[in-house]
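**Student:** Let me give you the structure first, and then I'll get to my questions.
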Amino acid sequence: MELFNSVGIELEIENLTPNDLNSPNLGFRIHRDASCESDGFTSNGIKIDVENSTKELLELIPLRKNTFGCELVTAGVLDTSNLDYLYKLKSLTNLLISKGESTKSYRAGFHVHINLSYNIKIIKSVLRLARHLEQVLYLLGGMGYDYRGFKNDSTYCRPITKYGPVCVPTGRGDFSQVFTIAELLGCKDTEEFKMKYGDIARLKGNHYIPIRYHGINLLPLFTQGSLEFRMFNKSLNPYYLMSIIEFCKAFSEYAVHSSFLSLKEENLLKENSVFDVKGEENRQKILDTFSHFLQLSNLRNEQIIDTLYDILSYSSVDSIVLPNKYIFSHLMFHRQGNRCPTHWQNGNYTANVIPKNKISTPNFEDIHVLRERNPDFRIREPQRIMENLNNFIRRPTRTPIRNATNNLTRLVTIINRDYGEIFGGPRRNEHDERYFVVHGNEEYTGDILRIYFDPTNFLIIRSDLGSREDFEEWEEMNRETIEEIVGEELEINDEIPEPEEPQNPEENYHRPTLRFNRWTQTGNFTTTANTTNDTDENRPF
């Protein structure tokens, strides 16, 4: 498979829940994404429009709170070496439409990853070509309707020219744009580039960093070998999706095989910033720029080209008119506080200072912002984190695992270490703890140190680490994975209770048991801390 034919796509949706799509034949991984999530209610799996329903009707039907929206990511690489991959796109979009997903969105997007090798020459060619085609890319981003960025300052896919790159705190105590094209084009090698491009030489290990949220995202080049295009709206038109993928491939191939001189000879060096677009009067100029690039590229399929012209003709030019203002990274305004790292702390690079009074707060919307507006509509309460001290959490006595679960929720069963033989296999040593996580028809086993739980979910994160310090280091390194599984940003509670002194081991003593004994309509469980006589006769296994 040729390099440019190896593609990854990410399609954000907002009207379905992850459970609606949980199928082994889906062919896509399901990821949580706060930017397209929202809260809602379902009844027997059907979404209920609470705002437009009468109180009397709502009292007659059982309602379950749920989180809608997720991101579908290709499982592996999508082979686009021939156009048969259209059938995979059709299968996905038909499924989403049949389940009720809307065909348009002002929050959800479509991202394309093109496998790409790199060196400093290729990187600069990508930037030069992206600078020239920026207006084309963002009008294509409308996917035949209004570009979603006009509602949220293009927060999740900022342009790379002029006011586009977001402003971040620096080690000097001031603010600078996370990069500028002029500085990047002056880099002598990739190491200098990684320093000036959002300080990724130091920060690329963090998932949530401002550099990711630009229409052309170069970070994956250094982490997974792909160039990401993030400016496209969600669409459930498979022909639109395929045409966008083919255009991104043509862009990438041309950039790899071009140089400063060839771009200059072909009149592809001029910057066409999206911030220079004034409105509908610019459409023809954008179409002319697109046509000129097509003549130079290897994109020859007439159906693809016609579809791209359709997208450019139907998308609103007015919607890509962005305000001429600098904006802060939205990570500075997370519900749980500033999550934007300080850039260039070691002083090895001095970026141009942008006065704070010239920088605006981004107008963005995610599930956390929505919950701040409507705090009564919270679904997942913040998780508490505690250690499994005294092994006090265990399965209800003589209750089979399957009967202790609900197919709409997740439940954890902990098996105490003081049982010589446990359900699922013998313990490995006296310090071993085994547990089962039951989720649908799957069971997992592993070691545990801490328990993450909320009113609707009871989850365990595996850790083979022995000390609390080691665990906290592991926890920070794997925060993204943990938050994805837990489904919420972590709020760590360090007030962990001291373990109780064990009673006389020669005597039988009562140990508290957490019993899951009732599920409410919303999936919450009530617990009763009762006592169980810890004798062989009363042990649950």
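**Student:** I want to confirm something. Restricting to the range 90-102 and keeping residues that are touching a helix residue (DSSP H, G or I) at 6+ places or on another chain (Cβ under 7 Å) and surrounded by fewer than 19 Cβ atoms within 10 Å (Cβ to Cβ), which single residue is nearest to Gly76 (Cα to Cα)? So that I can check it myself, show each step before the final result.
**Tutor:** Step one: of the range 90-102, the residues touching a helix residue (DSSP H, G or I) at 6+ places or on another chain (Cβ under 7 Å) are 90, 93, 99.
After this cut, where a residue has to be surrounded by fewer than 19 Cβ atoms within 10 Å (Cβ to Cβ) as well, the list is 90, 99.
Numbers: Lys90: 18, Lys99: 24 Å.
Applying the filter and picking the extreme gives Lys90.
**Student:** Here are some conditions: (1) closer than 20 Å to His31 by Cα; (2) assigned to a helix (DSSP H, G or I); (3) not aromatic (Phe, Trp, Tyr). Ser102 meets all but one. Which one does it not meet?
**Tutor:** Ser102 satisfies all of (1) closer than 20 Å to His31 by Cα; (2) assigned to a helix (DSSP H, G or I); (3) not aromatic (Phe, Trp, Tyr) except (2).
**Student:** Enumerate the pairs (first residue in the range 297-318 and assigned by TED's automatic domain parsing to the domain that holds Arg283 and closer than 14 Å to Met242 by Cα; second residue anywhere and at pLDDT below 95 and surrounded by fewer than 17 Cβ atoms within 10 Å (Cβ to Cβ)) with beta-carbon separation below 9 Å, excluding pairs fewer than 6 apart on the same chain, so at least 6 apart or on different chains.
**Tutor:** Within 9 Å, the pairs are Asn301/Leu83; Gln303/Leu83; Ile304/Leu83.
**Student:** Count, please, the residues in the range 8-61 that happen to be modelled with pLDDT under 70 and in a loop (DSSP other than H, G, I, E, B).
**Tutor:** 9
**Student:** Given the residues Phe175, Phe193, which is the only one that is over 30 Å from Tyr106 (Cα atoms) and aromatic (Phe, Trp, Tyr)?
**Tutor:** Values: Phe175 fails: over 30 Å from Tyr106 (Cα atoms).
Every option except Phe193 fails the conditions.
**Student:** Kindly provide the set of residues from the range 339-361 that are exposed (fewer than 13 other Cβ atoms within 10 Å of the Cβ), assigned to a loop (DSSP other than H, G, I, E, B) and either under 29 Å from the mean Cα position of the chain (by Cα) or charged (D, E, K, R) (or both), ordered by number.
**Tutor:** Once the filter is applied, which keeps residues that are exposed (fewer than 13 other Cβ atoms within 10 Å of the Cβ), assigned to a loop (DSSP other than H, G, I, E, B) and either under 29 Å from the mean Cα position of the chain (by Cα) or charged (D, E, K, R) (or both), the range 339-361 yields only Thr361.
**Student:** Whether any residue in the range 232-254 is without any contact (Cβ under 8 Å) to a residue 40 or more places away in the chain and not small (Gly, Ala, Ser) is what I want to check.
**Tutor:** Residues of the range 232-254 without any contact (Cβ under 8 Å) to a residue 40 or more places away in the chain: none.
No, there is no match, as no residue in the range 232-254 is without any contact (Cβ under 8 Å) to a residue 40 or more places away in the chain and not small (Gly, Ala, Ser).
**Student:** If I filter the range 215-230 down to residues being under 18 Å from Glu71 (Cβ atoms) and in contact with a Lys or Arg (Cβ under 9 Å, 6 or more places away or on another chain), which single residue comes out as surrounded by the most Cβ atoms within 10 Å (Cβ to Cβ)? Don't jump to the end; show me each part of the working.
**Tutor:** The first filter runs over the range 215-230 and keeps only residues under 18 Å from Glu71 (Cβ atoms), leaving 215, 217, 219-220, 223-224, 226, 228-230.
From the residues that got through so far, the ones that are in contact with a Lys or Arg (Cβ under 9 Å, 6 or more places away or on another chain) too are 215, 217, 219-220, 223, 228, 230.
Numbers: Gly215: 25, Asn217: 21, Leu219: 20, Pro220: 18, Thr223: 11, Glu228: 23, Arg230: 22.
By that ranking, first place goes to Gly215.
**Student:** Do we have any residue at all in the range 260-267 that's at pLDDT 95 or above, within 32 Å of the chain's Cα centre (by Cα) and in the same structural domain as Thr307 (by TED's automatic domain parsing)?
**Tutor:** Kept after step one, since they are at pLDDT 95 or above, are these residues of the range 260-267: 260-267.
From what is left, the residues that are within 32 Å of the chain's Cα centre (by Cα) are none.
Looking for residues that are at pLDDT 95 or above, within 32 Å of the chain's Cα centre (by Cα) and in the same structural domain as Thr307 (by TED's automatic domain parsing), one finds none in the range 260-267, hence no.
**Student:** Is it true that Ser125 is closer than 25 Å to Gly164 by Cβ, among the small types (Gly, Ala, Ser) and modelled with pLDDT under 95? Spell out the reasoning first.
**Tutor:** On the way: closer than 25 Å to Gly164 by Cβ: yes; among the small types (Gly, Ala, Ser): yes; modelled with pLDDT under 95: no.
No: the conditions fail for Ser125.
**Student:** For the range 339-354, name all the residues that are in contact with a Phe, Trp or Tyr (Cβ under 9 Å, 6 or more places away or on another chain) and of a type in the set (A, V, I, L, M, F, W, C).
**Tutor:** Answer for the range 339-354, where residues must be in contact with a Phe, Trp or Tyr (Cβ under 9 Å, 6 or more places away or on another chain) and of a type in the set (A, V, I, L, M, F, W, C): Cys340, Ala351, Val353, Ile354.
**Student:** Which members of the range 168-214 meet the condition of being of a type in the set (A, V, I, L, M) and either buried (at least 17 other Cβ atoms within 10 Å of the Cβ) or closer than 30 Å to Arg32 by Cα (or both)? Let's see the steps before the verdict.
**Tutor:** Going residue by residue through the range 168-214, those that are of a type in the set (A, V, I, L, M) are 168, 178, 181-182, 184-185, 195, 200-201, 203, 209, 211.
Once the filter is applied, which keeps residues that are of a type in the set (A, V, I, L, M) and either buried (at least 17 other Cβ atoms within 10 Å of the Cβ) or closer than 30 Å to Arg32 by Cα (or both), the range 168-214 yields Val168, Val178, Ile181, Leu184, Met195, Ile200, Ala201, Leu203, Ile209, Ile211.
**Student:** Within the range 279-325, track down each residue that is of a type in the set (A, V, I, L, M, F, W, C), over 27 Å from Pro165 (Cα atoms) and part of a loop (DSSP other than H, G, I, E, B).
**Tutor:** Leu299
**Student:** Among the residues that make up the range 64-84, is at least one of them more than 25 Å from the chain's Cα centre (by Cα), over 29 Å from His368 (Cβ atoms), of a type in the set (Val, Ile, Thr) and assigned by TED's automatic domain parsing to the domain that holds Ile181?
**Tutor:** no
**Student:** What's the total number of residues in the range 255-282 that are without any contact (Cβ under 8 Å) to a residue 40 or more places away in the chain and surrounded by 15 or more Cβ atoms within 10 Å (Cβ to Cβ)? Let's see the steps before the verdict.
**Tutor:** Just the residues of the range 255-282 that are without any contact (Cβ under 8 Å) to a residue 40 or more places away in the chain, to begin with: 257, 261-262, 264-267, 280-281.
Then keep just the ones that are surrounded by 15 or more Cβ atoms within 10 Å (Cβ to Cβ); that gives 266.
Of the residues in the range 255-282, 1 are without any contact (Cβ under 8 Å) to a residue 40 or more places away in the chain and surrounded by 15 or more Cβ atoms within 10 Å (Cβ to Cβ).
The values are calculated or read from the model by the stated rules, or taken from the named source; none is laboratory data. Just so it is clear, the model here is predicted, and its values are computed rather than measured. We place every Cβ from the backbone using ideal geometry, glycine too, and count neighbours over all the protein chains shown.
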